[in-house]
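Visitor: Can you keep this structure in mind? I'll have questions shortly.
The values are calculated or read from the model by the stated rules, or taken from the named source; none is laboratory data. What you are looking at is a predicted structure, and each value in this text was computed from that prediction instead of being measured. When we count neighbours, we look across all protein chains shown, and the Cβ atoms used for this are built from the backbone with ideal geometry, even at glycine.
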Amino acid sequence: MILITDDLCARLLANGAAQVETDHHPVVKLFDPAGAATWLLTELDADGDTLFGLCDLGFGYPELGSVSLAELQAVKGPLGLGIERDLHFEGRFPLSVYAQAARLAGHITEAEQLLRQAATALSIPHSELSPDAARERR
């Protein structure tokens, strides 16, 4: 599986090149199909390898940080499976909301209630949420 398509790469690079620090929505979700590791990624450095986002290796302590695309592509789990991309993921909240929800849950979560709770705790205005998420909050 191609982890980062050309379209995703362009979006990640654009976020990484932003001159102003922005709380981007995750562009891509990667996961280990044979384990608990998950990554919500928002940016790619100009080097084409260094990704930034919320990283959860499954130990109960998700954190914001960087990861190498080459290293993710090289991973082969115990069943010979590599890291995969969630084809249905759509980042509906800024990364800070996913990070706050992950701190509450102890792992990256897409649970709507936790994400809304995190957005409220962070006082994220409705205008910063995606149209779908803002519509659902009404």
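Visitor: So in region 1-53, with the set limited to residues that are assigned to a loop (DSSP other than H, G, I, E, B) and among the acidic types (Asp, Glu), which one is farthest from residue 101 (Cα to Cα)?
Guide: First pass over region 1-53, keeping only residues assigned to a loop (DSSP other than H, G, I, E, B): 1-5, 18-27, 32-37, 45-49.
Cutting the leftovers down to among the acidic types (Asp, Glu) gives us 21, 23, 32, 45, 47, 49.
Values: 21: 21, 23: 15, 32: 20, 45: 26, 47: 30, 49: 27 Å.
Looking at residues that are assigned to a loop (DSSP other than H, G, I, E, B) and among the acidic types (Asp, Glu), I get 47.
The rows are residues; the columns are (1) in a helix (DSSP H, G or I); (2) modelled with pLDDT of 95 or more; (3) under 13 Å from residue 40 (Cβ atoms).
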residue: 55; (1), (2), (3): no, yes, yes
residue: 67; (1), (2), (3): no, yes, yes
residue: 82; (1), (2), (3): no, yes, no
residue: 99; (1), (2), (3): yes, yes, yes
residue: 120; (1), (2), (3): yes, no, no
residue: 133; (1), (2), (3): yes, no, no
residue: 136; (1), (2), (3): yes, no, no
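Visitor: Applying the selection to region 4-30, what residues are surrounded by 19 or more Cβ atoms within 10 Å (Cβ to Cβ) and either in contact (Cβ under 8 Å) with a residue 40 or more places away in the chain or aromatic (Phe, Trp, Tyr) (or both)?
Guide: 4, 24, 25, 26, 27, 28, 29, 30
Visitor: Does at least one position in region 65-80 carry a residue that is at negative phi, touching a helix residue (DSSP H, G or I) at 6+ places or on another chain (Cβ under 7 Å) and surrounded by 15 or more Cβ atoms within 10 Å (Cβ to Cβ)?
Guide: Within region 65-80 (the criterion being at negative phi, touching a helix residue (DSSP H, G or I) at 6+ places or on another chain (Cβ under 7 Å) and surrounded by 15 or more Cβ atoms within 10 Å (Cβ to Cβ)), the answer is no, since none of the residues qualifies.
Visitor: Considering (1) among the basic types (Lys, Arg); (2) within 26 Å of residue 2 (Cα to Cα); (3) crowded, with 16+ Cβ neighbours inside 10 Å, say which one residue 116 fails and leave the rest.
Guide: Unmet for residue 116, out of (1) among the basic types (Lys, Arg); (2) within 26 Å of residue 2 (Cα to Cα); (3) crowded, with 16+ Cβ neighbours inside 10 Å: (2).
Visitor: Also, I was wondering about something else. Considering each residue of region 31-47, count those that are surrounded by 16 or more Cβ atoms within 10 Å (Cβ to Cβ), of a type outside the set (A, V, I, L, M, F, W, C) and in contact with a strand residue (DSSP E or B) (Cβ under 6 Å, 6 or more places away or on another chain), and give that number.
Guide: The total comes to 3.
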